[in-house]
Each structure stands twice: as structure tokens, then as C-alpha cells.
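Here is the structure we will look at.
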Amino acid sequence: MRGALHAEWTKLRTVPSTWWLLLAVAALTVALSAAATGTVSTDQCPSPDACHEDTVKLSLTGIWLGQAAVAALGVLAMSGEYGTGTIHATLTAVPRRVRVLAAKAAVVLGSALVAGTVAVLGSLLAGRFILPGNGFSAAPLSLTEGPTLRAAVGTVLYFGLIALLSLGVATLVRDTAGAITTVLGLLYALPAVVELVGNEEWRERIREWAPASAGLAVQATKNLDSLPIAPWSGLAVLAAWAGAGLLAGAAVFTLRDA
Amino acid sequence: MTTPTVTPYRSPLPPARDGFPQLLRAEWIKLRTVRRWSLALLATVLVTVAVSVLSAFSGGSDVKGDRPPPPVGPAGAIVSDSFPFVHQKLTGDGSITARVSLLGGREGRPAEAWAKAGVVIKESTKPGSSYAAAMVTPGHGVRLQSDFTRDTAGGAVSRDRPHWLRLTRSGDEFTAYESADGSTWTKVGTTRLAGLPDTAQAGLFVATPGETMVQRQFGSTSVGGRPARVTAAFDRVTVDGGGGTWRQDVVGAVVGANGDPKGTPDSSTEKSGTWTLTGSGDVAPHTPEVDITQQSLSGAQIGLIPLVALSVLFITAEYRRGMILTTLTASPRRGRVLAAKAVVLAGVAFVAGLVAALLSFLVSEPELRDRMPNPLFYPDMALTDGPVLRAVVGTALLLAAVAVLALAVGALLRNTAAAVTLVVVVLVLPLVLLSGLPIGAAHWVMRLTPLAGFAVQRTLPEYEHVDTVCLPEEGCYPQGPWSGISMLCAWALVLLGLAMWRLRRRDA
């Protein structure tokens, strides 16, 4: 297993796109987060203290961009091998396919978590600098606050789970375009469909089960009652999606010719 | 020693032309022979229709409104037409003059900017009948309006001084004049009402749009409204060519059992030659809260995802498989290769988009209208109506432009994953995030990014003399339909030009 891990890590780190994608995860997340915190103001509220804005969630808005790069990372880790034919060499060297997938999952998860940590810390730091200028208190953005810690840790885990989900989908679909389109559909189209659906009950149901909207419930620090799903349960829904994707991928991977 | 003569090899195939039509044919064959790409096109149609149908059949309210059918204006469109009307008969040519003071709105507060008080010549007291009116408004000065949709601006008015207004009829022509003192008159404008009967009603009116309150912060929006009120006093009222006595009516009021107007504060009283009118209804085109046609086409926002994947692959797959070498050997003029690809893709996407938009509209639109609380207050749109035709064809055009845009991004990046991700995120993410942005920032995103193209799906007319709240989450775009789609096409063409330039400059 250690050999498989080492092999996967070598493959991942020697592809230039990996480093660009990891950089993109951090840079895009922090950039969009900073833009989001830069546009809010307390004008609409009677007083800055009466503004019930969830500043923590707002400071982590950038995940909506960062997750696209993580998804690409997860997909390419598998589909890239099929595109270039390396998969034959890989499976000749390590014939146990579940082991190959597990090693890939481990290295992809590890790099997504590291990039995610940088992205989340950078976003919160940007929020701490920008929000006081807009009349908000920076106090809730401290990691010593329980809910903030939950949001921060949860967001990092969210990045990791998205990477695993993407890897699973790519193992199922094998080709880059199909896999990335499927993952982007799950992450972006489902939340967008919610905006188009009129019926409140249906909206709630989609929000509860769609990977992105359920998983991002973990970012909330205020008005937890109005969430479609509780923070950790939402992340569990995403974990179920990722697990199901990986399991299905593993099953097909073992049964099918490469 | 004899030297054997070597005949150089000549292909037995007859030489063929390498013009643009041949290039188009080659690209079309590539597109239609990859089965996955045909499936992606099919998916575009199916997803578009499915999301539209989902949004139509999931929405709506169980509570049905009990509002009576709305009046219909001379042009056949739904209008608001309810106001207190103090009037007398006017046969043939003539004029009505009055001095108007706007007294304010509800409970001493100022009236709405588009509250109206003035003189009117109207076909009859039937709501929706033809009219021409000269009026003062608190926020927009003197106006000449007719048949609900036409509006001409006059001079400014001061809020605390009364203002003179005169409206004259000469055949089908109605001319409005204004004056600050009643002796020097300025012409405001002239309007024609064709087919107004010889005998019409000339009189005084007040009207006001409702109050709208918008609370919008951090992704939650609440829009509230209630009827507003306006009161105005009229004195020195004269009708030239008029006859008979003044009659007091409330146009468009719901009449109760005993013949009294039910539940409306609209009223008129006279005291020593001064009429005081209070009104709460409006005389204006009716603008529905929801653009049903636009909503019936909303599936295209999701349906474009498989189309983007196909369009990116149409070029990146050539690089992946090395096919690009054959393609460029066969047609060394590289710009034309990309142009042929763009034409073929745009054509195919247009046809798929047209099919998807037609199906979406035909299936979803009647259902959406039926599920509204007051369906009669939404225009019954047919496919042949101008705005609907524009929205449906515009949706096809939109998908064609998105396909070209995705092709260009694919050619520039030469990387399937990066190009698909970039285009999908740019086009779909705003749907999720725009409602959380401040309205100004949201409007800039809708104006300048390729997202602007979706403005072509709007069908509600905009009138300068009707204030509407334009919220991104309700699908309202700050620009007109054509300028929106032009912005998207500009993006597509500029990126395509850039991609052609890069293709020429770089090794394949």
C-alpha cells in the first residue's frame, strides 16, 4: 500500500496542472471571499449591531469558486490516466484496483485538505481586514469561537469531500469532459435549479439532498433554525454522496476492463 | 546502362476544392459521427425542457385570488384603470381647463412620484376605454398621457403652487397646455386617439401607483406593497363646448350590493367651485409581477451545461487525439478551420435551442399562468406575439452564442477540464450568488458578463412612466433584451477572434 501511495503521490505532484489547480483553489476562494465581504454594508440595517449578517459564512463565500478547482483536481487525477493511457502501466504495477483507487483517494484528499486549509484561513483573514471597514465587527471571525471553528473546519472538510466525490465520478465515467460536467452539474446546476423551482417544499427537499447546498450548511453560524439541514448533518449528506461515488467507482473499476 | 524512368506517384482521386463549404462539411461530419456529442445535444434539449417543466409544475399557489377580471385597454393589453371621475359630456371639439393643487398622499405624507392629478377626456366611464389626459405629477412634472402606454413630458411643477392644465380636442387630435398663472400657456404635446366617438366625457381625475417596499439584504429579499393614496384640489374648472351637469363616478370600482363602491377610498366632493378628489387606483399599463414567458424558458440556464461540454470538446478532442494535425494539414488556413467549427456548432446549437425553447414554452407557459393566484392578470401569450417570438428565438441564439464562446475558450486553453469548468462556472454560478450581492453590484455583473445574454428572455414591456422594482432574483435584467444578447455575442466573437489569432501564432 505504501508503494501505491508513493506512486500516486509522484504522479500527482509531477503533473503541472496539479499545482496550478491547488493554487487556484486557494487564490479563487480568497479572491471571491474578499469580493463578497467588500460589497456588504450596514446601510440596510438600523444599526451595525442589529445587522444579522452571518459574517463568517460571508467570509467563506469563495468556496463557490474554489470547489470548481478542487473538482477538476479530483477528476483529472483519474481521467487523466485514461486520457493518456497511463492507466495500463498503473494497473500492471498495482493489479489490485481497490488499492489503486484508495491510494489515489488518499493523495487527492490530502492535497485538497491542505489547499482548503490555506483557502479558509486566507478567507477568514481577508474578512478580518475588510469587514471592520464596512462597519462590521471582526470578532466573530476568530477561530476561538465555537461556531466559527465549526464553519472553518467544516469548509476544509467540504473541499476534501468534493475532491473524493469528483474522483469517484471520474472513475465511473473515465473521460474528463463527461466527469467534470457531471460534477459541475451536481455542484452548480442543482443549487441553480432551486432558484428556478417555485414550490417551497420542493426547494427544501433539493437543498437537503443536493451535495453543495447540504454540505455548505456547515458554514452557517447564525439562524441555524432556518437552515434546511443542520450543519454537521449537511456535511454528512455530502460525505454520503462522496462515499457513494467512490464505492460505485470502485465497483465499476474492479469489474470493468481498463 | 539504362536509367529506369520513375513515374512520380499521382493519387488516382480527382482533385477537390478546399473552399469554405468543404471545410464546413468536414466539421459537420466530425460533429455528427461522434455519438457522445449527439447525446450531449439531446441532453441539452432534454435538460432545458425538464427544468422548465419542473419549475412550471412545482410552482404556483393553492390560494386562488378572487379579484375580478382586469380591464383591457384599447390596444388589447391588460391595464389598471380605476380613479374617481368628475365629468360631463363633451360633444365634438372643445376643451377642459382647471387649476390643480396636489395635496399629498396618505396621512399627510407626500404622494408617490408617479401620482397623477389632472384633466382627462375619456371615451366613457368604462374601465379600459380610450382616453387622453393632461396631468401634474409630484416627481415627474407635467405629462400628457393617452391610452395607458403613451406618455409625453412637459415642464416641471412646483409642489406648493397650483398649476393650470388645459386639454383641447380637435377631431382625433388632443393637445395639452400648461400654465403657471392661467394666462400664458405652453404647449405640452399632441396625441391622436383614432376612433374616439363624437361624444366623450371630459373631467377631472386623480390616480396613483401603489406603494412598494423592498427589503433586500444578504440574500433575503422581501417585497411588500399596498395601495397608495393621493388627494388633489381643482378650481376654476371650465369646459368649453361642454354641456350639462357634473357627474361623479368612480371608474373601475367594485360595486357592492347597494350600488355603492365597495371598499375603495376613491371619492370626490365639491365646495364652492372647488373639487377635491381622492384616489387610490392607477391609470397605467398593468405590469405583472412575474414574467411567465421568461420563467417558462429558464431551463436553458441549466441545459447549456452539456452544450458547453460538447463545444469545448469539439476543439480540445482534436488536440487530445492528435486529429488537429490532420485537420490542419488538410486545411492549412487555420483561422478558417476555427471559423468553420464555430459556424457548424452555432448552427447545431441554434436548432437544438429552438427545439428546446419551443417545447419549453408550449408545455410550461400555460401551466405557469394557470398556477398564478390571479391568472387573468397575466397576459395570455401566444407564440406569434412579438416579445414571445423574440424570447424563443433569442434563447436559441443565446445557446448558439454560448456554444461559440465555449469553443473559443476551449481553443484558447486547449484543456478540456479547465475550459468546461471556466465556462460553466461563469454562466451558472451567478444564478446562485446574485441574490446575495448588493443590487448595484448584481446589475453590473448582469450587464457586463456573458450572463447578460439571458436578458433576451424577458418579455415584459418597460414603460418610462411606470416605476418597477428590478430585482436580479426575480429575473429582471437592467438592460433591454437586445443589448443583453449583444453583450453575450460580443464576448463570443471577441474570444473567437482571440482564439483564431492564437491558433495561427502557436504550434498545434
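Points to keep in mind about this one:
- Distance from the alpha carbon centroid of region B:475-502 to that of region B:331-371 works out to 16 angstrom.
- Förster radius 25 Å - calculated FRET efficiency between A:Arg96 and B:Ser38 (Cβ-Cβ, nearest 0.05): 0.10
- Cross-link partners of A:Lys222 among lysines (Cα-Cα below 26 Å; sequence separation of 8 or more within a chain): A:Lys57
- Between 0 and 90°, nearest 10: helix B:416-433 axis offset from chain B longest Cα axis: 10 degrees
- Comparing A:Val15, A:Val56, A:Val107 in a Gaussian network model of chain A (Cα springs below 10 Å), the most mobile by mean-square fluctuation is A:Val15.
- Chain A, dipole about Cα centre (Lys/Arg Cβ +1, Asp/Glu Cβ -1), debye to the nearest 20: 1120 debye
- For B:Lys126, the aspartates and glutamates whose Cα falls under 12 Å of its own Cα, not counting residues fewer than eight places away in the same chain, are B:Asp81, B:Asp249.
- For chain B, the alpha carbon convex hull comes to 205 Å³ per residue, rounded to a whole number.
- Net charge, B:Arg506 excluded, C-beta distance under 10 Å - Lys, Arg +1, Asp, Glu -1: +4
- For B:Ser80, the amide hydrogen comes within under 5 Å of the amide hydrogens of B:Ala284, B:His286, counting only partners 5 or more places away or on other chains and with H modelled in the peptide plane.
- Computed from Cα atoms, the angle from the helix A:146-173 axis to the main principal axis of chain A rounds to 30 degrees.
- Backbone HN-Hα couplings from phi across region A:235-250 [Karplus 6.51/-1.76/1.60, Hz, Gly and Pro as x]: 5, 5, 4, 5, 4, 5, 4, 4, x, 4, x, 5, 5, 4, x, 4
- Farthest positive-ward along the protein assembly as shown dipole, Cα basis, beta-carbon charges - from B:Leu358, A:Asn134, B:Trp275: B:Leu358
- Exposure of B:Arg229 as accessible area (Å², to 10), given a probe of 1.4 Å and all protein chains: 80 Å²
- Along region A:24-37 the Karplus relation, 6.51 cos²θ - 1.76 cosθ + 1.60 evaluated at θ = phi - 60°, assigns HN-Hα couplings of 4, 3, 5, 5, 5, 4, 5, 4, 5, 4, 5, 4, 5, 5 Hz to successive residues, with x for each Gly and Pro.
- Heavy-atom accessible area, 1.4 Å probe, ligands and nucleic acids excluded: residues of region B:430-444 down by at least 30 Å² from chain alone: B:Leu431, B:Val432, B:Leu433, B:Pro438
- Based on protein heavy atoms only, chain B ends up with 46 Å² per residue of surface accessible to a 1.4 Å probe.
- Other residues with beta-carbon under 11 Å from the beta-carbon of B:Ile292 carry, at +1 per Lys or Arg and -1 per Asp or Glu, a net charge of -4.
- Sites B:Arg447 and B:Tyr319 - FRET efficiency at Förster radius 41 Å, r taken between beta-carbons, to 0.05: 0.75
- Angle between chain B longest axis and helix B:20-33 axis [Cα atoms, degrees, rounded to 10]: 90 degrees
- Förster-model FRET efficiency, 35 Å R0, B:Ala77 and A:Thr39, C-beta, rounded to 0.05: 0.35
- The mean count of C-beta atoms from other chains within 10 Å of the C-beta of residues in B:409-422, rounded to a whole number, is 5.
- Between B and A, accessible area buried - total, square angstrom, nearest 100, 1.4 angstrom probe: 2800 Å²
- Projecting the Cα atoms of A:Gly198, A:Val169, A:Ala217 onto the charge dipole of region A:159-240, computed from C-beta unit charges around the Cα centre, puts A:Val169 farthest toward the positive end.
- Computed over chain B: relative contact order in percent, which uses C-alpha pairs under 8 Å that are six or more apart: 19 percent
- Exposure check, 1.4 Å probe, all protein chains in place: A:Leu125 carries approximately 100 Å² of accessible surface.
- Entry note, chain A: the mean residue ellipticity at 222 nm calculated from DSSP H runs of n ≥ 4, each adding -39500 (n - 2.57), is -24500 deg cm²/dmol after division by the residues and rounding to the nearest 500.
- Charge dipole (debye, nearest 20) of region A:82-175; +1 at Cβ of Lys and Arg, -1 at Cβ of Asp and Glu: 360 debye
- Under a 5 Å amide H cut-off, with hydrogens placed 1.01 Å from N, B:Asp240 pairs with B:Ser95, B:Ile96, B:Thr97 among residues at least 5 apart or on other chains.
- ³J(HN,Hα), Karplus 6.51/-1.76/1.60, whole Hz, each residue of region B:493-500, x for Gly, Pro: 5, 4, 5, 5, x, 4, 5, 4
- Model label points for A:Ser226 and B:Ile439, set 7 angstrom from Cα along the Cα-to-Cβ axis, are 1.9 nm apart.
- Springs join every pair of Cα atoms under 10 Å in this Gaussian network model of chain A, and among A:Asp54, A:Asp175, A:Asp225 the largest mean-square fluctuation is at A:Asp225.
- In a reduced charge model with +1 at each Lys and Arg Cβ and -1 at each Asp and Glu Cβ, the protein assembly as shown shows a dipole moment near 3620 debye about its Cα centre.
- Listed as lacking a disulfide-compatible partner in chain B: B:Cys489, by the criterion of no other cysteine Cβ under 4.7 Å.
- Exposure check, 1.4 Å probe, all protein chains in place: B:Asp172 carries approximately 50 Å² of accessible surface.
- Largest mean-square fluctuation among A:Gly116, A:Gly178, A:Gly66, in a Gaussian network model of chain A whose springs join Cα atoms under 10 Å apart, belongs to A:Gly178.
- Positive-end residue of B:Pro127, B:Val393, B:Asn374, charge dipole of chain B with Cβ unit charges: B:Val393
- Protein accessible area in region B:1-134, 1.4 Å probe - carbon and sulfur %: 61 percent
- Across region B:135-256, the relative contact order, built from alpha-carbon pairs under 8 Å that are at least six residues apart, equals 14 percent.
- Take the Cα radius of gyration of chain A and divide it by 2.2 N^0.38 Å, N being the number of residues; the result is 1.07.
- Filtered trypsin sites (Lys or Arg not before Pro), region A:160-246: DSSP coil and at most 16 other beta carbons within 10 Å: A:Lys222
- Each of B:Ile292, A:Ile206 has its accessible area taken with a 1.4 Å probe; listed largest first, they run A:Ile206, B:Ile292.
- C-alpha center-to-center spacing [region B:188-203, region B:397-452] in angstrom: 50 Å
- Taking a ≥ b ≥ c as the square roots of the Cα gyration tensor eigenvalues, region B:330-425 comes out prolate, since a/c reaches at least 1.5 and a/b is larger than b/c.
- Computed extension length for B:Thr190-B:Val393: 69.4 nm, one decimal, from 0.36 nm per residue of separation with the Cα-Cα distance subtracted.
- Comparing Cα centroids, region A:208-223 and region A:71-131 end up 23 angstrom apart.
- Were the residues from B:Asp467 through B:Gln22 laid out at 0.36 nm apart, the gain over their Cα-Cα distance would be 154.8 nm.
- Measuring nothing but how far apart in sequence close Cα pairs (under 8 Å, 6+ apart) lie, relative to its length, region B:355-469 scores a relative contact order of 30 percent.
- Accessible heavy-atom area order of B:Leu23, B:Leu493, B:Leu304, highest first, probe of 1.4 Å: B:Leu493, B:Leu23, B:Leu304
- The sum of -39500 (n - 2.57) across all DSSP H runs of n ≥ 4, divided by the residue count of chain B, sets its helix-only mean residue ellipticity at 222 nm to -13000 deg cm²/dmol.
The values are calculated or read from the model by the stated rules, or taken from the named source; none is laboratory data. All figures in this text were calculated on a predicted structure; none of them were measured in a lab. Here the Cβ is made from the backbone with ideal geometry for all residues, glycine too, and neighbour counts use every protein chain on show. All accessible areas refer to the heavy atoms of the entire protein, side chains included, with ligands and DNA or RNA removed. Shrake-Rupley method; radii C 1.70, N 1.55, O 1.52, S 1.80 Å.
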